[in-house]
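Each value in this text was obtained by applying a stated rule to the coordinates, not by laboratory testing. Predicted, not measured: the structure shown is a model, and the values here were computed from it. Here the Cβ positions follow ideal geometry from the backbone for every residue, glycine too, while neighbour counts run over all protein chains shown.
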Amino acid sequence: MTQVPDPEAPEGVDLERPNAARIYDWFLGGTANWAIDREFGERAVKTFPTIKSIAKLGRQFLGRGVQYMANQGIDQFLDLGSGVPTVGNVHEIAVSVNPNARCVYVDNEPVAVAHSQILLEREGVADRHAVIHGDLRYPGDIWPRALDTGVLDPKRPIGLIMCGVLYFVGPEEGALEIVRKYLSLVPSGSYFLASHLTNDGVKAPDGESRDEIQEQYKQSSTPFHHRTREEFAEFFEGLELVKPGITWVPDWHPDEAAERLINRIADDPSFSGALGAMGRKP
């Protein structure tokens, strides 16, 4: 079978190294990735056979979190590090609960931004949702630009989302200060949803090397970093934690899809290696 060549990359896309957003898209079965990302993903699966399932668990956690916030009356969202659009985007889930819901997506990967814009325009909703090309590590840049879209009302509660992204912020880059800055900007009644990779208490299936996959990601443009449960908990200081608090992502308000995925792979949700939580700003 003849290999279909990759499409021309949007301006600014680095195809010299694989990128986490495009790799994640490949894990989830998407098409917004290039040969270099697929090659990386295939090697990752050999090293870490359950990595595709873990990616799906992370996506499911995001969906359940957005649905919960929407059911609490949150109708505007700021999704930081949103990645490449795929099944279950924030605005789609939120609108299914409240047709008037709005969302601003933010990502520093040009492919993610380009595909997000195409999706919003194709759905005819670009007037109610927006996408920004920017780096979440700079709240002083991102926040005013998010407000300039006209999508968000800073006087009303916002659903602030950082799922599957904080582990790409290095130990020396002040992740805690970044989160606290955003939380200082959103009004009372806002919610914060986040997930993070950890090595704390993880029961991995036999034959999987988490250290090896972390080393592999160092070859990409987006290496990741684990944080402890205690470090993750610091992101939620001063917030009212939504039950069950800080837990493994499959255990946070699990639904049938998450339970089926867990039961097929392991009897211990810690294998996901990802913690998740939601907090409400008083």
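Things to note:
- Under 15 Å, Cβ to Cβ, from PRO154 - net charge with Lys/Arg +1 and Asp/Glu -1: +3
- Take every Cα pair under 8 Å whose residues are at least 6 apart in sequence, average their separation, divide by the length of region 102-233, and the relative contact order is 22 percent.
- Comparing GLN60, GLN72, GLN216 in a Gaussian network model of the chain, where Cα atoms under 10 Å apart are tied by springs, the biggest mean-square fluctuation is seen for GLN72.
- Taking region 43-159 and dividing mean pair separation by its residue count, relative contact order in percent (alpha carbons under 8 Å, at least six apart): 26 percent
- Put simply, the amide H of PHE77, placed in the peptide plane, has neighbours under 5 Å in ARG102, CYS103, VAL104, GLY159, leaving out anything fewer than 5 places away on its chain.
- With kT/(6 pi eta Rh) evaluated at 37 °C and eta = 0.692 mPa s, and Rh the Kirkwood radius from Cα pairs, region 149-230 diffuses with a coefficient of 218 µm²/s according to Stokes-Einstein.
- Contact order normalised by residue count of the chain, Cα under 8 Å, 6+ apart, percent: 19 percent
- For the chain, the spread of Cα positions along each principal axis, largest first, Å: 51, 43, 39
- Gap separating the Cα centres of region 141-165 and region 67-136, nearest whole Å: 11 Å
- A viscosity of 1.567 mPa s and a temperature of 4 °C, combined with the Kirkwood radius over C-alpha pairs in the Stokes-Einstein formula, give region 32-171 a diffusion coefficient of 82 µm²/s.
- Label sites at ALA35 and GLU177, each approximated as a point 7 angstrom past Cα along Cα to Cβ, lie 4.3 nm apart.
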